[in-house]
Amino acid sequence: MNRRVLRRWVSNAMVGLMIAAVVTAVLPLLFILLDLLLKGAGSLSFDFFTRMPVPAGETGGGVAHAIVGTLIIVGIASLIGLPLGIGAGIFCAEYPGNRLATTTRFVADVMNGTPSIVVGVFAWALIVTRTKQFSALAGSCALAMLMVPMVMRTTEELVKLVPHSLREAALALGYSRWRTSLAIVLRTALPGIVTGSLLAVARVAGETAPLLFTALGSQFMNFNVTEPMAALPLTVFNYAIGPYEEWHQLAWATALVLILVVLVLSIAARLATRRRFGING
Amino acid sequence: MTTVAAPETAAPEREPASLEGSRVGDRLFKGLLTAAALAVPVLMGFLVYELYTGAKIAMVRYGLGFIWGSTWDPVAEQFGALPLIVGTLLSSFLALCIAVPLSLGVAIYLTEFAPRAVRQPVAFVIELLAAIPSVVYGLWGIFVLIPVLKKFVFPFLRDTLGFLPFFQGPIYGPSMLAASIILAIMIMPFIMSVSREVLLAVPGSQREAALALGATRWEAVTSAILPYARSGIIGAVILGLGRALGETMAVTMLIGNRNEISASLFAPGYTMAAVIANEFTEAVGDLHLASLAYVAFLLFAVTVIVNGGARLLIWRVGGQRAAGGRGA
Amino acid sequence: MAEPAAHLATDKLTAMYGKFTAVKNVSLEFRVNTVNALIGPSGCGKSTFLRALNRMHELSEGGWITGQVLLGGEDIYARKVSPMQLRRRIGMVFQKPTPFPTMSIYDNVAAGLRINGSHPRGGLDAVVEQSLRRAALWDEVKDRLKTSAIALSGGQQQRLCIARTIAPRPEVVLLDEPTASLDPASTQRIEELVFELKRDFTIVIVTHNMQQAARVSDTTSFFYMGNMVETGPTRQIFTAPKQEQTEAYITGRFG
């Protein structure tokens, strides 16, 4: 065979293989979403969102306790993690040469790569052993620790993107440094920071491992953060590995709810970057 | 010429202004920011400290021999991490074997060959894969993937490749191979997106030079672009490895949670992350707990080293920013 | 114009970046309600000198000075002086128009006023309108004050920046090559503006465009390689310069 034709053939074959790779990569996503819908949507009802779980073996009941639990745990985690992460990000962007900034940046990268179960063990050791009980608060702290490096990196990059000339204009007008940072720099970078924050929240809302021995999970509705609390990912896990067929059904439905929460947050995150006044106009 | 209006009387008078002012606001602001920035290394320091003190009993008891201890028996109070380490490494390695060719194929396709209209949507879809929580992957794995594997794929593999010890033995369903497959699906988006960034950073002149010399498009990729991007891609792969090592939920739901080392990939296995997830809340005795903390400590150390290495490699290839976490 | 604006002067001002001396030993006086041009080839130190006048120079990497800058007789580099307060009395317009992108036209102009303390609402509207009128921008934007400032053209944005700078009524306005990035039509409008503004402000303008200096300024100072070579009434500098270097520059033999 002509050598040139062979080479051409190889090139096309490789492209074919690559397209096959794309299809293989995309297929699981389609299947997962499809299965979630098919297997989970059937169990979604008003009751599902508002009722509590029923004793094993019975049908019906819902995951209201887990929805509330996720809201509380993730909410508190955001209250702790977002200000810390954003503050640290601003610091590293405004004082880049500072030794603390380089250290923090490096440590944040290490934190980003730390498995979430290790963070869970840390929160357990730090809080659960000392307070002698499992608590939603410990879970929130674990989640917050996951959020901080994520939010810090995106904030830092966005603040760095704000043109130096804007800062100068504000300073020349008589703005103090802190006012310049808040009213001008932060405000300009805000859409991106909101996006980064929402994405971090979405990511953390789906985490199970850090909650396994901090918030522990619960079968009951609980508003007390110093006690164990249910959460959507924990509920999915417990129902999935449980022995009852009804539980497996519920696992699918709960997973569907969880995915919806994560998706809604992710989409809201992208929408935030399309605000009226931004760097991009 | 534009006429400029004369100043109106509504304008405020210029006050005699002093030049003095306080800098309290600035100091307070910087202080708050510094505190936030300090929190990061301080927290990390606490993490290492707590892991260490939690694991102390086991460290004192076993020392480094823990890594080679091959028995993990909570009942007999004998703890060795070897099966766990082997399981972790094996599952991650298998996952890489599956995920890397796929991810690279997709990344190369998206940067070099795909029609423009297709690039963004496909990249977006793959990003969505990364947003799916681990426990949902596990759920799907248990009820969809494993039945399919058990019914079709595993028997097929046993029939065709059964001469290899890897594909012999009884088929239960939950297994090392099943966990590796789900791991592969989970790390694929990360390897793909980092590889894509790395490939996009390769100057177009490289490809053009190769094409000008008469190479086919595929040859341009292999001869000009991949070598240039090589260290960055290796970095992406190692980053994927780092993620696979720490993945907990999906693995523990699919791997069978049996701590023995077996040649068969159809056999159940165990990983460091899975054992912590499974046994922590029901740990019997202080030594058990400390051993689990020791495992956590080891897992932490391994991921730090692997991720550190990955970042160094990625930085080296035309990347102005190191790929850090999931950014916006 | 009733109130006397402050007299701005420098005394042996030397400005450095680390070890590099950009401005050497310059003593200049800027009289009330005059337009003073600083001219010279690129890199001669005129912009550095300007930025030392409102303490923006020290914000640059390694920027520091020796000598004095006196506003109404007061040393602006004294320890007790807050640079922030100083910059409310000496305003600056930059070469590249920099409207605050997240604010409307109205809020941009009001920005300097809002940090000074409260102003009655009616008063703020009036000041904003007046500033925009003086910047020759009012007619073009009066119907869209609340819209985004970055939707304006380059020339309009620069006039907006001028309105923003003069709204808080500083005593001195520094202009650093304000028309360098603008088209000829916008340049002309801003030159007219500068000429009018001297009624209320003392103006120091850096320009690389000699014709511009000749058109708008009362006094001109020629900088070369960090030194202030010659200063005097504009007409004199351009028709009968005393220094050879000045003449060489003016006649276009270099720079």
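The values are calculated or read from the model by the stated rules, or taken from the named source; none is laboratory data. Note that the structure is predicted; figures quoted are calculated from it, not measured. Because the Cβ atoms are built from the backbone with ideal geometry, glycine has one as well, and the counts that use them run over all protein chains shown.
With respect to the conditions (1) touching a Leu at 6+ places or on another chain (Cβ under 9 Å); (2) closer than 21 Å to B:LEU245 by Cα; (3) modelled with pLDDT under 90, B:GLY80 lacks only one, and its number is (1).
When B:TYR109, B:TYR49 are screened for being within 11 Å of chain A (Cβ to nearest Cβ) and loosely packed, with under 14 Cβ neighbours inside 10 Å, only B:TYR49 passes. Within the range A:70-103, count every residue that is more than 14 Å from A:LEU158 (Cβ to Cβ) and in contact with a Lys or Arg (Cβ under 6 Å, 6 or more places away or on another chain). Residues that pass the stated criteria total 0. Number of residues in the range B:260-293 that are more than 10 Å from chain A (Cβ to nearest Cβ), closer than 19 Å to B:ILE67 by Cβ and not β-branched (Val, Ile, Thr) equals 8. Residues in the range A:171-182 that are part of a helix (DSSP H, G or I), farther than 11 Å from B:GLY25 by Cα and within 11 Å of chain B (Cβ to nearest Cβ): A:THR180, A:SER181, A:LEU182.
Scanning the range A:127-153 for residues that are among the polar types (S, T, N, Q) and within 13 Å of the chain's Cα centre (by Cα) yields one hit, A:SER140.
Of all residues in the range B:242-259, those that are over 30 Å from B:GLY308 (Cα atoms) and more than 14 Å from chain A (Cβ to nearest Cβ) total 1.
Okay, residues lined up against (1) surrounded by fewer than 24 Cβ atoms within 10 Å (Cβ to Cβ); (2) under 21 Å from B:VAL135 (Cα atoms); (3) in contact with a strand residue (DSSP E or B) (Cβ under 9 Å, 6 or more places away or on another chain):
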position	(1), (2), (3)
A:LYS160	yes, no, no
A:LEU186	yes, no, no
A:THR208	no, yes, no
A:ALA215	no, yes, yes
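Within the range B:138-195, the residues that satisfy the criterion of being in a helix (DSSP H, G or I), among the β-branched types (Val, Ile, Thr) and touching a helix residue (DSSP H, G or I) at 6+ places or on another chain (Cβ under 7 Å) are B:ILE142, B:VAL144, B:ILE146, B:ILE181, B:ILE182, B:ILE185, B:ILE187, B:ILE191, B:VAL194.
Residues in the range A:1-14 that are hydrophobic (A, V, I, L, M, F, W, C) and out of contact with any Asp or Glu (no Cβ under 9 Å at 6 or more places or on another chain): A:MET1, A:VAL5, A:LEU6, A:TRP9, A:ALA13, A:MET14. Looking at the structure I just gave you, is B:VAL125 buried (at least 16 other Cβ atoms within 10 Å of the Cβ), within 10 Å of chain A (Cβ to nearest Cβ) and of a type in the set (Val, Ile, Thr)? Judged against the criteria, B:VAL125 is not a match. The numbered conditions (1) touching a Leu at 6+ places or on another chain (Cβ under 8 Å); (2) within 14 Å of chain A (Cβ to nearest Cβ); (3) touching a residue at least 60 places away in the same chain (Cβ under 8 Å); (4) closer than 30 Å to A:ALA202 by Cβ are all true for B:ALA130 except (1). Filtering the range A:203-221 to residues that are within 10 Å of chain B (Cβ to nearest Cβ), in a loop (DSSP other than H, G, I, E, B) and of a type in the set (A, V, I, L, M) leaves only A:LEU212. Under the condition of being in contact (Cβ under 8 Å) with a residue 12 or more places away in the chain, over 26 Å from the mean Cα position of the chain (by Cα) and in a helix (DSSP H, G or I), the residues counted in the range B:66-118 number 1. Scanning the range B:296-310 for residues that are farther than 10 Å from A:PRO115 by Cβ and not aromatic (Phe, Trp, Tyr) yields B:LEU298, B:ALA301, B:VAL304, B:ILE305, B:VAL306, B:ASN307, B:GLY308, B:GLY309, B:ALA310. Scanning the range C:143-165 for residues that are crowded, with 24+ Cβ neighbours inside 10 Å, of a type outside the set (Lys, Arg) and within 14 Å of chain B (Cβ to nearest Cβ) yields a count of 2. Identify the residue in the range B:188-243 that is hydroxyl-bearing (Ser, Thr, Tyr) and in contact (Cβ under 8 Å) with a residue 60 or more places away in the chain and, among all such residues, is surrounded by the fewest Cβ atoms within 10 Å (Cβ to Cβ). Step by step, filter the range B:188-243, then rank; the result is B:SER231. The single condition among (1) more than 13 Å from chain B (Cβ to nearest Cβ); (2) in contact with a Leu (Cβ under 6 Å, 6 or more places away or on another chain); (3) under 22 Å from A:HIS164 (Cβ atoms); (4) without any contact (Cβ under 8 Å) to a residue 60 or more places away in the chain that C:HIS57 does not satisfy is (2). Per the conditions (1) facing another protein chain (nearest Cβ under 10 Å); (2) surrounded by 14 or more Cβ atoms within 10 Å (Cβ to Cβ), the sole criterion not satisfied by A:GLY97 is (2). Of all the criteria given as (1) in contact (Cβ under 8 Å) with a residue 24 or more places away in the chain; (2) out of contact with any helix residue (DSSP H, G or I) (no Cβ under 6 Å at 6 or more places or on another chain), the one not satisfied by A:LEU232 is (2).
Residue check: A:GLU168 meets all listed conditions (1) in a helix (DSSP H, G or I); (2) more than 7 Å from chain B (Cβ to nearest Cβ); (3) touching a residue at least 60 places away in the same chain (Cβ under 8 Å) but one, namely (3). Restricting attention to the range A:124-163, the residues being small (Gly, Ala, Ser) and within 9 Å of another protein chain (Cβ to nearest Cβ) number 1. For A:THR50, the conditions (1) touching a helix residue (DSSP H, G or I) at 6+ places or on another chain (Cβ under 7 Å); (2) within 30 Å of B:ILE126 (Cα to Cα) all hold with the exception of (2). Going through (1) touching a helix residue (DSSP H, G or I) at 6+ places or on another chain (Cβ under 8 Å); (2) away from chain B (no Cβ under 14 Å); (3) surrounded by fewer than 17 Cβ atoms within 10 Å (Cβ to Cβ) one by one, A:PRO55 falls short only on (1). Given the conditions (1) crowded, with 17+ Cβ neighbours inside 10 Å; (2) without any contact (Cβ under 8 Å) to a residue 12 or more places away in the chain, which single one is not true for A:THR103? So A:THR103 meets the others, but not (1).
Selection over the range B:153-166 of residues that are under 26 Å from A:PHE237 (Cα atoms) and surrounded by fewer than 21 Cβ atoms within 10 Å (Cβ to Cβ) gives a count of 1. Within the range C:188-239, the residues that satisfy the criterion of being among the aliphatic types (A, V, I, L, M) and under 14 Å from the mean Cα position of the chain (by Cα) are C:ILE190, C:LEU193, C:VAL194, C:LEU197, C:ILE203, C:VAL204, C:ILE205, C:VAL206, C:ALA213, C:VAL216.
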